[in-house]
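The values are calculated or read from the model by the stated rules, or taken from the named source; none is laboratory data. Just so it is clear, the structure is predicted and the values come from calculations on it, not from any experiment. We place every Cβ from the backbone using ideal geometry, glycine too, and count neighbours over all the protein chains shown. The accessibility values were calculated without ligands, DNA or RNA, using every heavy atom of the protein model including side chains. Shrake-Rupley method; radii C 1.70, N 1.55, O 1.52, S 1.80 Å.
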Amino acid sequence: MDRNLLYRKIPKVDSLLENETIRSLTETYGIKTVMSVLRGETDAVREMIRNEVSSEEAERKIQSLPETIAEKVERLYEPDVRRVINATGTILHTNLGRAPLPEEQALKTISAASGYTNLEYNLESGKRGERYDHFEKLLCRLSGAEAAMAVNNNAAALMLILHTLAKGKEVIVSRGELVEIGGCFRIPEVMELSGARLAEVGTTNKTRLRDYENAVSEETRAILKVHTSNYRIIGFTESVPAHELKTIAETHGLPLIEDLGSGVFVDLEKYGLTHEPTVQESISAGADVVCFSGDKLLGGPQAGIIAGRKQYIDQMKRNPLSRALRIDKLTVAALELVLMEYLHEEKAPERIPVLKMLLETEESVRVRAEKLCGMIRGEVSDAAVSVEACLSQAGGGSLPGEVLKSAAVVIRPYHMSVSALEREMRHMRIPVIGRIADDAVRLDVRTIGDGDFEAIAGMLGEVL
Ligand SMILES: *Cc1c(COP(=O)(O)O)cnc(C)c1O
């Protein structure tokens, strides 16, 4: 067909704007947005005609222009950040947002956000308050520290500590503790950004008290201990515990800083896991300043918590850098609420999702996996579905080497490739993120809540 004839069939902007569908779009989303999508879509049709598509196809495109435009405009308004189901078994999955907050606390956080709060307002005095006031006392009570504050994340916390206490001077740190956390976060690089100079001591596997002692000079401003949170050096090793480092720090009048990585208040050993140093242990061993993440094993919002001696914390609060790294009101609200749960130490593991998932027994996961398996079998006809043992992990650079015996629902489709199923699952109404191994899709049930079972079974039923 004559191309010019096809061009003429493309409706004029004015007539498209008269269209019922487009009119209601304009009402909802505004003329500017609709016009820009409309122009883009009509240009795309022109382009197709120029590239000589068949006239049937061009006419079909022209016919469906209002619907195409509506779809595109509506997609612009769909939030891109969505809830997903974590079926990977990695509890602190950094790509999936790390720690899920307890539901009640998350709801309260949102409600604090939709109105004004006393974020930096002291209701007693009617004067300016501090955003840290809301959780500082709680943190002190839980950790035994004199003072506390929080910034955006633990990387920021470490940077603020070093910038405040050792800018332009030296900080002693063991070569066995120069951690890379991932996402380009390396302890030496953060230290450099803070303006502090690194005085590395010891070797990768062995650092002794003497090494620290020999490194102290007039330039030294602090001793730093970093918890090797995501790896473990085993075999012929030696490192110096905080309480021994404290003796050197005291002799020379230096602050002892400890970066704990994951902040735990609960003694995980009591629950059969390997010992993870708690915040209170670090403080009582003599650390003058400790820092840790809010969204690792603590199970709260993203934050970098700093606790320790008041003289140092006060200096950090006054450092202008803390203004650049400060936490927002949502985080303040969530952090206070989550920390409160730790006041009841025995109940915290039941109430905080991260701890609950971490401490669930193998038997309990298996029972739940059998239940999910039965529900999926009820909906799915085109795949073999079974329960198999698997191993979960804490993730997020926590509890290195700790594997948790778990159970997975294993799906082997009859007429679809495993990778195609995995892709389908990512595109479901609630995306399900699983793992592929041994030519099957595996859903580790440790990180899946019972409340999602029905949705998972239903959605899989539509695909298989
Ligand atoms: C995870 C980790 C950090 C970084 O914490 P973020 O909260 O992710 O910024 C710093 N130090 C150690 C030892 C860690 O394990």
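Taken as a whole, region 414-428 holds no residue that is among the small types (Gly, Ala, Ser) and in a strand (DSSP E or B).
Matching residues to (1) away from the ligand (no atom under 16 Å from the Cβ); (2) in contact with a helix residue (DSSP H, G or I) (Cβ under 8 Å, 6 or more places away or on another chain):
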position: THR94; (1), (2): no, no
position: ARG98; (1), (2): no, no
position: LEU119; (1), (2): yes, yes
position: ASP133; (1), (2): yes, no
position: CYS140; (1), (2): yes, no
position: ALA156; (1), (2): no, no
position: LEU162; (1), (2): no, yes
position: MET191; (1), (2): no, yes
position: LEU198; (1), (2): no, yes
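Within region 377-388, residues that are in contact (Cβ under 8 Å) with a residue 40 or more places away in the chain have Cβ atoms under 8 Å from residues that are open to solvent by 70 Å² or more (accessible area, probe 1.4 Å) and not charged (D, E, K, R) in these pairs: ASP382/TYR414; ASP382/HIS415; ALA383/TYR414, counting only partners at least 6 apart in sequence or on another chain. Here GLU180 fulfils each of the conditions (1) touching a Ser or Thr at 6+ places or on another chain (Cβ under 8 Å); (2) within 16 Å of the ligand (Cβ to nearest atom); (3) at pLDDT below 90; (4) open to solvent by 10 Å² or more (accessible area, probe 1.4 Å) apart from (1).
Being touching a helix residue (DSSP H, G or I) at 6+ places or on another chain (Cβ under 9 Å), free of Cβ contacts under 8 Å to residues at least 24 places away in the same chain and either more than 16 Å from the ligand (Cβ to nearest atom) or open to solvent by less than 70 Å² (accessible area, probe 1.4 Å) (or both) is a property that does not hold for THR204. MET340 meets the stated requirement of being under 21 Å from LEU119 (Cα atoms), among the aliphatic types (A, V, I, L, M), over 19 Å from the mean Cα position of the chain (by Cα) and surrounded by fewer than 17 Cβ atoms within 10 Å (Cβ to Cβ). Which residue is nearest to the ligand (Cβ to nearest atom), if the candidates are limited to region 281-331 and must be under 16 Å from LYS225 (Cα atoms) and open to solvent by 40 Å² or more (accessible area, probe 1.4 Å)? It comes out as GLU281. So for region 247-268 (the condition being closer than 28 Å to LYS405 by Cα and in a helix (DSSP H, G or I)), does at least one residue qualify? Yes, because at least one residue in region 247-268 is closer than 28 Å to LYS405 by Cα and in a helix (DSSP H, G or I).
Going by the conditions given, is SER217 under 30 Å from THR94 (Cβ atoms) and polar (S, T, N, Q)? No.
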